[in-house]
1. With θ set to phi - 60° and the Karplus curve 6.51 cos²θ - 1.76 cosθ + 1.60, what are the ³J(HN,Hα) couplings of the stretch A:779-787 in order, to the nearest whole Hz, using x for Gly and Pro?
2. Bins of 10 Å, beginning at zero and ending with the bin holding the largest distance: percent of Cα pairs per bin for chain A, please.
3. Once you place label points 7 Å from the Cα toward the Cβ at A:Asn538 and A:Glu136, how far apart are they in nm?
4. So how far apart, in nm, are the two label points at A:Gln763 and A:Lys564 if each is 7 Å from Cα heading toward Cβ?
5. Once amide H atoms are built 1.01 Å from N in the peptide plane, which residues 5 or more positions from A:Arg659, or in another chain, come under 5 Å H to H?
6. For B:Leu22, which sequence-distant residues (separation of 5 or more, or a different chain) have an amide H within less than 5 Å of its own amide H, given hydrogens modelled in the peptide plane?
7. Step through the residues of the stretch A:2-19 one at a time and calculate ³J(HN,Hα) from phi using the Karplus curve (6.51 cos²θ - 1.76 cosθ + 1.60, θ = phi - 60°), rounding each to whole Hz and writing x for Gly and Pro.
8. How many nm separate the modelled label positions at A:Thr160 and A:Val32, each set 7 Å beyond the Cα in the direction of the Cβ?
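Just so you know, all these numbers are worked out from the coordinates, no wet-lab data involved. Because the structure is predicted, anything quoted here is derived from the model rather than measured. Counting neighbours? That spans all protein chains shown, and the Cβs are built from the backbone with ideal geometry, glycine included.
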Amino acid sequence: MPKDHGIGASPKRREDIRFLTGAGNYTDDINVNGQAYVHFLRSDVAHGRINAVNTGAAAAMPGVVRIFTGADFEGVGGLPCGWCVTDRHGEPMQEPAHPVLAQGKVRHVGDPIAAVVAETAEQARDAAEAIEVDIEELPAVVDMKAALADGSTKVHDDLTSNLCYDWGFVEENKDAVEQAMQDAAHVTTLELVNNRLIANPMEPRVAIGDYNRATDESTLYTTSQNPHVIRLLMGAFVLGIPEHKLRVIAPDVGGGFGTKIFHYGEEAFCTFAAKAINRPVKWTASRSEAFMSDAHGRDHVTRIELALDKDNNFTAVRTETYANMGAYLSTFAPSVPTWLHGTLMAGNYKTPVVYVNVKAVFTNTVPVDAYRGAGRPEATFQLERVIDKAARELGVDPIALRRQNFITEFPYATPVAVEYDTGDYHGTMDALEKIADLSGFEARRKESEARGKLRGLGVNCYIEACGIAPSNLVGQLGARAGLYESATVRVNATGGLVVMTGSHSHGQGHETSFPQVIAEMIGIDESMVEIVHGDTANTPMGMGTYGSRSLAVGGSAMVRATEKIINKAKKIAAHLMEAAEADIELKDGQFSVAGTDKSVAWGDVTLAAYVPHNYPLEDIEPGLEETAFYDPANFTYPSGAYCCEVELDPETGKVTIERFSAADDFGNIVNPMIVDGQVHGGIGQGIGQALLEGCVYDENGQLLSASYMDYAMPRADDVPFYNVDHSSQTPCTHNPLGVKGCGEAGAIGSPPSVVNAVIDALQSGGHDVTHIDMPVSPGRVWAAMQG
Amino acid sequence: MSQVTMTVNGKEMSGDAEGRTLLSQFLRDTLGLTGTHVGCDTSQCGACVVHVNGQPVKSCTMLAMEAEGADVATIEGQAAPDGTLNTIQQAFQDHHGLQCGFCTPGMVMSAAALLKENPKPSEAEIRDYLEGNICRCTGYHNIVKAILAASGQDVGSIAAE
């Protein structure tokens with residue numbers, strides 16, 4: 001019988017009440033007394049030299065308070081990059097300056113040139129239209145391979161080329177991989193594109209800067225997944241404000257998916273301008289602005305080779321990838337195609353040698369950074385597509401080929417520098433075969449064919465590295481940050497608890513799931529636990545929420561802090577009951593002395609901690625509040641097997657998803673309802689990538705897909721009900737909860753099965769099509785069918 | 001600027017509006033009803049759906065002045081005065097039909113309009129009706145399930161949770 005509270009239960013989400021009644025507190029819902037509004041004048045060309053910005057006429061427009069240009073930011077820091085990748089030759093990546101407002105040149109459509117601060121948003125927008133900008137348009141660099149050609153226009157004049165880095169991993173394996181390719185009985189090669197996406201959380205970004213001249217304190221309200229990271233980056237690197245004079249608040253945030261991790265110029269601008277004009281300054285992005293200023297995702301062009309021996313064992317994988325960085329380096333951009341991608345190229349398989357080459361390229365496009373999955377979807381897609389292609393070439397069952405090559409013994413050290421602690425890939429595949437009703441597929445195919453449609457079935461596996469990340473390891477790999485997480489657990493005198501976490505919830509339901517853990521540990525009701533997050537003033541320094549890390553890392557910090565609380569509470573209980581501390585047991589909110597009928601309640605102990613009349617003051621301090629910082633020993637490795645069934649209309653090329661099944665292994669699960677929801681959402685985004693979404697630039701660097709009219713977001717009628725299963729559970733061995741993380745799995749695991757299914761459908765209809773790039777639009781399918 | 005008066009959630013409310021002021025702006029900025037959200041600028045996302053004289057309307061597509069004298073219902077008026085969620089709101093909570101909550105007000109208002117005109121919609125009818133409401137978090141699974149449940153239909157047989 002399912003539990004009704006604690007770990008493993010699915011209590012209804014407490015945050016829902018405010019979201020369902022219009023009582024949420026999103027950043028744009030906040031208005032600070034006296035605020036002015038900012039509108040950014042953005043470049044409408046992809047590449048150009050700024051000859052002049054004349055603000056005279058605009059400054060005289062009604063309501064204008066002040067207009068800022070790049071000149072106002074001379075001497076102010078640029079936006080920092082949080083990760084330095086070292087290239088194949090031991091050299092650091094090329095790292096261009098990233099000004100808050102353009103200095104001398106614009107480098108992508110949407111690059112901010114000037115900012116008008118006015119009494120109303122409309123006045124700011126009107127005045128921005130009156131700014132005269134003289135830009136000498138330069139040739140735009142859009143295609144990555146063209147950008148690397150000799151004589152290409154350079155995005156940054158002060159860099160040697162448009163190559164950010166040329167990374168090889170594992171460089172020492174390069175020759176062994178070449179040898180394996182030569183020795184192989186069969187090599188399958190596939191060239192593919194991992195399409196550029198736009199994260200599109202439904203809440204556009206917002207920033208409000210506020211400054212208190214009396215205290216010299218700045219406050220930034222922002223739509224962020226990690227307010228402490230923003231405070232550190234903006235304070236230390238851009239504006240020179242020490243942390244104790246800078247508060248960053250990220251209240252209710254309407255989705256993130258990675259694109260709200262990064263520190264953006266608009267945040268720094270509002271903070272800077274609020275001090276400059278001594279008034280609060282508010283910016284609310286329009287969706288059109290979001291398309292051209294939120295960091296984009298994916299955008300890899302890859303050639304992958306899979307070598308197999310005569311018995312169909314994988315013997316080597318080699319990839320060459322071009323990864324688009326866009327015009328500037330967004331906060332964590334360099335890490336995505338390297339350490340979040342290359343380290344996953346072993347997948348679920350015991351391939352002995354792997355070599356990954358990645359060339360990161362600057363182009364005149366919006367910066368590209370982490371989007372749900374970040375590097376791992378790119379790794380999964382290429383690997384699972386090439387395996388499917390190999391199975392077809394060899395005439396073997398794609399599931400059998402995968403099973404034959406599964407890693408089965410753990411821990412397993414991959415040839416790409418990570419060690420999987422646990423997993424059961426046959427287990428998830430078994431679960432998948434059951435829920436996807438594979439045995440019924442042929443009948444369903446016949447039924448589709450009877451209606452003149454083609455039907456295809458595609459399967460893939462995935463593995464991801466989550467619970468980001470061991471600080472000492474990522475430090476060696478170039479991270480300029482630690483990736484621990486923090487929690488302060490404050491117990492009140494009457495027994496209630498407040499957990500102040502460095503994690504940030506923007507849809508994940510931490511306010512509901514985190515209390516389940518504490519309730520389980522102490523044996524009290526979840527309603528006695530409150531979660532506080534999103535404000536640097538009342539949470540310990542933490543790194544925020546991304547990389548499926550909140551429960552695995554932030555939850556672990558909360559467990560450690562709670563353990564400290566329990567240990568101290570046991571000392572108090574021992575004193576109250578005149579017993580030895582070692583004999584104290586805590587169960588169901590009662591401390592008892594083992595082997596006796598003596599007990600005191602949780603509330604008696606917490607009260608004693610704050611009213612210490614009968615209290616061991618010589619041994620311990622009053623009060624009951626503890627902080628823990630948890631730094632993971634390893635990544636976590638969720639894995640799974642996904643299956644997609646499509647129907648394809650040969651008349652139009654339109655593909656519809658008929659069935660989608662997902663079997664995941666997330667280790668232990670705290671709230672199954674929330675975990676299912678995370679997987680559903682990830683699958684929705686993965687289907688979006690596979691069939692619908694694609695960010696399109698023309699050859700001049702104009703962003704053609706810059707609104708919901710042109711960028712195809714998945715709608716309710718594009719997707720089916722999903723069949724998800726989390727019965728396969730191999731707990732993580734190195735965090736106290738045994739959890740692995742579930743936020744990104746759906747987006748990582750779903751695109752290959754969709755494309756595999758489309759290829760299967762086409763081949764079943766006699767079409768010799770081996771690959772179609774995403775998004776697999778009707779036009780592309782139809783064109784492929786015409787040969 | 002001129003004054004616009006309308007009945008919002010049963011209460012007469014007035015405020016100044018420019019000719020270009022959108023109903024969504026008026027509700028949020030002038031009346032302080034920030035439950036109505038704005039997620040795009042092309043009338044695509046549906047986060048701003050409210051009811052005007054009983055009809056669902058994307059409030060970013062309507063001028064505040066056009067709502068002069070109208071009866072407007074927003075998410076803030078959906079629960080009972082004592083805070084009890086209405087059937088649709090409760091179904092969204094029961095079936096985890098929301099995550100970040102940003103699209104939710106529009107989803108609830110659209111669902112209410114759907115169930116008014118079609119009290120027992122099929123899955124396909126729900127999906128079709130929600131074509132103008134974008135959610136990025138849920139993959140729509142639990143939204144559709146919640147609306148089926150709110151209409152009194154059995155959702156026990158729907159694949160997994």
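1. So the J values, rounded to whole Hz, are x, 5, 5, 4, 4, 5, 5, 7, x.
2. 3, 13, 22, 24, 19, 12, 5, 1, 0
3. Distance between the two pseudo-spin positions: 5.5 nm.
4. Result for the modelled spin labels: 5.7 nm.
5. Amide H neighbours of A:Arg659, under 5 Å, 5+ apart: A:Glu645.
6. Long-range HN contacts for B:Leu22: B:Ala64.
7. Listing the rounded values in order: x, 5, 9, 7, x, 5, x, 8, 10, x, 5, 6, 6, 5, 4, 4, 6, 6 Hz.
8. Using points 7 Å along Cα→Cβ, the separation is 4.4 nm.
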